[in-house]
2 protein chains.
Amino acid sequence: MTYAKIAAFTEEQQQLARVAKALAHPARVAIIQFLASKQTCISGDIAAELPLSRTTVSQHLQELKALDLIRGEIDGLTVCYCLNTELLKQVHQQFTGFFLEATASPACGPADACAC
Amino acid sequence: MTYAKIAAFTEEQQQLARVAKALAHPARVAIIQFLASKQTCISGDIAAELPLSRTTVSQHLQELKALDLIRGEIDGLTVCYCLNTELLKQVHQQFTGFFLEATASPACGPADACAC
DNA sequence: GAAATATGTCGTAAATATACGACATAATAT
DNA sequence: ATATTATGTCGTATATTTACGACATATTTC
């Protein structure tokens, strides 16, 4: 009965954690950066740019696609991936809200600790 | 020889992924929000606020502490945790840079796909 | 139609993460 | 000194992630 107490948290917390998890591997960060750098939507030869096997890259792509952060359209033989910039903007706002909340309080300084 | 190809990515990508990973579980998001909500730095009775055992919460706290996102000072019997707001601000900027980069290109719209 | 090409899916091995009970430790209280 | 309290650490069971080779599928190209 171990594991998966995730449902006990708020939907907001779960949502933030889900997106954070999508960014929690350098390969997925790199994929998003790569897609952003290309004006045209590049197909799965993304794999050629990364130090990972094609299969593994495909797996990472599916994870990003599952959250709808990226989209893929079949174009003949190749698949054309692109960023869902609308969603990414929403996610950015979500993170910003979280960080503003977290950095609002003075709390403890950089080197010293707190004084409770 | 499987696993851990992480070193092959840039330090920037690894750093972003590391922080994202720290936020990749709702419990850790909740912990940060809880610390932010309290003016005083609350000790480990954070566990009482979360639907998890004390041990598990302690584990999550250690993960956040390992990245220096939170700090803990021993105050007699209790440990006084607090947010490292300075670092959180830096992390916020880092995420903002990433998201701005990712949302800069027009790419594909919300419902339609890309046109390569 | 057959060969080549681009992808996705499946199976699987190894590494990590999650969750918690049982102990160990240290400090306060009695 | 002893009991109580607050924490951390260890061990361990289970779930998930990461990584990749082997196949299956679909689409061009010849």
### Message
Going residue by residue through segment A:101-111, is there one that turns out to be of a type in the set (S, T, Y), closer than 30 Å to B:G44 by Cα and at pLDDT below 95?
### Response
yes
### Query
When you go through B:V79, B:V29 one by one, which is the residue that is within 22 Å of A:T10 (Cα to Cα), modelled with pLDDT of 90 or more and surrounded by 14 or more Cβ atoms within 10 Å (Cβ to Cβ)?
B:V29
### Summary
Among the residues of segment A:1-13, the number that are assigned to a helix (DSSP H, G or I) and either more than 7 Å from every other protein chain (Cβ to nearest Cβ) or surrounded by fewer than 15 Cβ atoms within 10 Å (Cβ to Cβ) (or both) is 5
### Message
Can you tell me which of (1) within 21 Å of A:A17 (Cβ to Cβ); (2) more than 10 Å from DNA strand C (Cβ to nearest atom); (3) surrounded by fewer than 15 Cβ atoms within 10 Å (Cβ to Cβ) is the one B:T40 doesn't meet?
### Response
(1)
### Query
Among (1) away from DNA strand C (no atom under 12 Å from the Cβ); (2) within 30 Å of A:F34 (Cα to Cα), which single condition is B:G72 missing?
(2)
### Query
Checking B:R71 against (1) within 30 Å of B:Q13 (Cβ to Cβ); (2) surrounded by fewer than 18 Cβ atoms within 10 Å (Cβ to Cβ); (3) basic (K, R), which single condition isn't satisfied?
(2)
### Message
Among the residues of segment A:41-50, are any part of a helix (DSSP H, G or I), out of contact with any Phe, Trp or Tyr (no Cβ under 8 Å at 6 or more places or on another chain) and away from chain B (no Cβ under 11 Å)?
### Response
yes
### Filter result (surrounded by fewer than 19 Cβ atoms within 10 Å (Cβ to Cβ) and of a type in the set (S, T, N, Q)) within segment B:82-110
B:Q90, B:Q93, B:Q94, B:T96, B:S105
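Please pick out the residue among B:L77, B:L16, B:L64 that is in contact (Cβ under 8 Å) with a residue 40 or more places away in the chain and more than 7 Å from chain A (Cβ to nearest Cβ). Outline the logic, then answer.
Details: B:L77 fails: in contact (Cβ under 8 Å) with a residue 40 or more places away in the chain; B:L16 fails: more than 7 Å from chain A (Cβ to nearest Cβ).
Testing whether each residue is in contact (Cβ under 8 Å) with a residue 40 or more places away in the chain and more than 7 Å from chain A (Cβ to nearest Cβ) leaves just B:L64.
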#### Entry: Flag for B:L88 being within 16 Å of DNA strand D (Cβ to nearest atom), under 22 Å from B:V19 (Cα atoms), of a type outside the set (V, I, T) and part of a helix (DSSP H, G or I)
no
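The values are calculated or read from the model by the stated rules, or taken from the named source; none is laboratory data. All values reported here derive from a predicted model rather than from experimental measurement. We place every Cβ from the backbone using ideal geometry, glycine too, and count neighbours over all the protein chains shown.
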